[in-house]
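What follows is a short report on a single structure.
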Amino acid sequence: MSEVLRSVRSEETPVYFRAGPDTLFGIYSRAAGDGPRPAMTMLTGGGHLTLTHRNRLHVLLARRLAELGIDSFRFDFHGTGESTGLVERFRVDRPFTEDLAAAVSLVDGRAVTGHLLMGTCFGARTVLSQTDRIPRLQGAVLISPPIRDLAWGDPAALRRVLRWDVWRRLRHRPAVRRALDSRPAREARRWLVPRARAARDALGRRARTRGEESFGWVGSGFLRPLRGLVDRGIPTLLIYGTEDAMYSDFERARRGPVGDVLGAAGPLIELHVLPGPVHGFDRLDAQRTVMDLVIEWVSSRGLAAGAAPR
Amino acid sequence: METAVLVDEASGTRQESGFLGPPGARLFATWTFPARRAASGGVVVCSSIHPEFTKNYRREVLVARALAGRGLATLRFHYRGAGNSDGDTADLTLETMADDARRAVEWLAERTGGGPLGFLGTRLGALVAATAAAEVEGAPLALWEPVHQGDRYTREAFRARRMHRLRRREELGPSAEALLEELRTLGSVEVLGYELALGLHESLATVRLEQLTGDAPRPVLLVEFSLGKELRPDYAALASRWRERGWPVTASLFPHEDPWWFTDDTVDLSAAGVGPLVSRTADWLARTVVSGPTP
């Protein structure tokens, strides 16, 4: 991986651009040569990451794409990195559609043959929110996209947020501490928690006993655009890690409507499930494997420089 | 140098971002200036690396904008081998980071007409800031949660790696000593998706912040991120030693917990969350940079 960085066959141009009330920052990497080429717009996950993504993932990928003759554009969401604005929460049910639309518009102005979009988690849901609005979309890469339309994408994330974020703000307040340590509060917890767990377990057992499974929880923000990609014949690379919190949702959803979409898609959707965690990219092997998969996918699908737009 | 320019009327700032230096050794850098007046001085921000780079990024951007509002220019940059800059992460050492900081000092001095300079060093960047500041007489030095003993950086990284495994209900894995041996043998060790290279570790191993700052007195702002009520003992001792040398040292607690190496990438950037840190740092730098070297 380190060898790639020594040959920079691209011209990297910083750019500020408007997106609604904010000004975003991005870096456009133009591959060498004058021939026609597509451009991949890369979105990070939610959280105050920068356009480099974890461990320079987007920087390295941009340089590898340049070697294939593919331009790329990475940018900071509003409220992150060098962009203006403020964002305190990244909600899966409120993707940053305006940011992506502005980025795509900028890339459009660079005389590219078509668009490739790549997003991680929240970024993947933001990609999905726009796929039906991009006429020259040639491909989509979705890494660990949450299935549900919950604000935080999955129950585990919700629990983490409730535990860490809200709790962090409240727990040091003396009044809150006193209330939680009070006898009535302790007794209420003792009464409530086992009953809530029992109810949850009973609901699960009832569904299994009936032999039917309800899929109302599968987010339309995931399912509808995924179907849309299939209907338009747009190649999609979908990657999960077996230890991603949202992967269990994906596996369950495959027994229902997501499986229907995958079945209809056939080879159009290329699914890779990697051992261990991918979401968060806190392992080097996951970073390298995902980069290799993206490069192989664009190459095998004929999406590299010179390919005609769909 | 090609830069992208943002003039933000709301914050009264002008921001220029681009790549500086020769191909293959370019640094990505962002200047922030007051939009409507000449800067009365400048501040070089020396960031940390690995996940600390990401965690503090936005806070550093906000400080730069706050400093512009107080009449100071700022230069933030990515070291070679980090962020958007050229270079390989495996080649990062304290020496290369300090060299990059020196280039940043030159560039900022050019743009501010040689006005007074100060430094902000965050976490590992504190060692870089101290090295660069030692070459600028009396330059104020603001430090956020500084790594003041270089070898602690590696040890903290290894501890975080083991704790991460614990949180995932895995076995702890190799001890810190075993990881150090692996680092020496293989040349790098993975820590939570980052490659910690032997060169970096060796360049930090015997380094001490107070030795890097030199002997000439300068004002210091030492900020600890803590929910406690008192400065932790090693920071208190460090501040004492500087004071004994006649340095004006301001110690401050920013009530915040930040597990630097962990993968919760969301940072509390609300006004209540980060406002005090940004304003306190910007106020201190604005006051000390403009007032000139400590007599």
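Nothing in this text is a laboratory measurement; each read-out follows from the coordinates by a stated rule. All of these numbers come straight from a predicted model, not from anything done at the bench. A quick note on method: Cβ atoms are made from the backbone with ideal geometry, for glycine too, and the neighbour counts reach across all protein chains shown.
A few remarks follow.
- Derived from the Cα gyration tensor, the three semi-axes of the equivalent ellipsoid of region B:1-128 are 23, 15, 14 Å, largest first.
- The modelled label-to-label distance for the pair B:MET163/A:SER300, using points 7 Å beyond Cα in the direction of Cβ, is 4.1 nm.
- Net charge dipole size for region A:8-150 [Lys, Arg +1 and Asp, Glu -1 on Cβ; Debye, nearest 20]: 320 debye
- Legend: mean number of C-beta atoms from other chains within 10 angstrom of residue C-beta atoms, peptide A:20-27, equals 3.
- Charge tally in the Cβ shell below 14 Å around B:ALA239, where Lys, Arg are +1 and Asp, Glu are -1, B:ALA239 excluded: -1
- Taking every residue in B:49-56 and counting other chain Cβ atoms within 10 Å of its Cβ, the average works out to 3.
- Quotient of the Cα radius of gyration of region B:113-158 and 2.2 N^0.38 Å, N being its number of residues: 1.30.
- Note on chain B: GNM, Cα springs under 10 Å; of B:PRO219, B:PRO276, B:PRO146, the largest mean-square fluctuation is that of B:PRO276.
- Estimated [θ] at 222 nm from DSSP helical runs (n ≥ 4, -39500 (n - 2.57)) normalised by residues in chain B, nearest 500: -13000 deg cm²/dmol
- Coupling constants for region B:206-213 follow from the phi torsions by the Karplus curve (6.51 cos²θ - 1.76 cosθ + 1.60, θ = phi - 60°), and in residue order they are 10, 7, 10, 3, 5, 6, 5, 6 Hz; glycine and proline get x.
- The dipole here belongs to region A:217-302: it is taken about the Cα centre, uses +1 on the Cβ of Lys and Arg and -1 on the Cβ of Asp and Glu, and is about 320 debye.
- Cβ-based exposure ranking for B:GLU244, B:GLU181, in which fewest neighbours within 10 Å come first: B:GLU244, B:GLU181
- Three-way shape label, region B:61-123, alpha-carbon gyration tensor, a/c 1.5: prolate
- Antiparallel DSSP beta bridges within chain B, percent to nearest 5: 50 percent
- Footprinting exposure proxy for B:TRP261, A:TRP217, B:TRP31 (fewest neighbouring C-beta atoms within 10 Å first): A:TRP217, B:TRP261, B:TRP31
- 3J(HN,Hα) from dihedral phi, region B:94-101, Karplus parametrisation 6.51/-1.76/1.60, rounded to Hz, x for glycine, proline: 4, 5, 5, 5, 5, 4, 5, 5
- Region B:163-295 - charge dipole about Cα centre, Lys and Arg +1 at Cβ, Asp and Glu -1, debye rounded to 20: 600 debye
- Per-residue HN-Hα couplings for region B:134-139 [Karplus 6.51, -1.76, 1.60; θ = phi - 60°; Hz; x = Gly/Pro]: 4, 9, 10, 4, x, 5
- Near B:ALA251, the amide H atoms lying under 5 Å from its own belong to B:LEU222; only residues 5 or more places off or on other chains count, and H is placed 1.01 Å from N.
- Net charge, B:VAL147 excluded, C-beta distance under 10 Å - Lys, Arg +1, Asp, Glu -1: -2
- Residue by residue along A:50-57, Cβ atoms of other protein chains within 10 Å of the local Cβ number 6 on average.
- Exposure proxy order (Cβ contacts within 10 Å, fewest to most) of B:PHE77, A:PHE75, A:PHE250: A:PHE250, B:PHE77, A:PHE75
- Rounded if a/c under 1.5, otherwise prolate or oblate - region B:35-80, Cα gyration tensor axes: prolate
- Nonlocal amide H pairs with B:ARG26, under 5 Å, H built at 1.01 Å: B:ASP86
- Calculated on C-alpha atoms, the gyration radius of region A:1-150 divided by its Kirkwood radius gives an Rg/Rh of 0.95.
- Spatially, region B:188-236 and region B:42-56 are offset by 13 Å when compared through their Cα centroids.
- Cα Rg, Dmax, region B:104-182, angstrom units: 18.4, 57
- Note that the protein assembly as shown, at 20 °C in a medium of 1.002 mPa s, gets a Stokes-Einstein diffusion coefficient of 84 µm²/s from its Kirkwood radius over C-alpha pairs.
- In terms of its Cα atoms, chain B spans 58, 46, 37 Å along the principal axes, sorted from long to short.
- Taking the DSSP bridge list for the protein assembly as shown and keeping only pairs wholly inside it, about 45 percent are antiparallel.
- In this structure, the amide hydrogen of B:THR13, modeled 1.01 Å from its nitrogen in the peptide plane, lies closer than 5 angstrom to those of B:ASP8, B:ALA35, counting only residues at least 5 positions away or on a different chain.
- Region A:234-310-region A:113-141 distance, computed between alpha-carbon centres (Å): 13 Å
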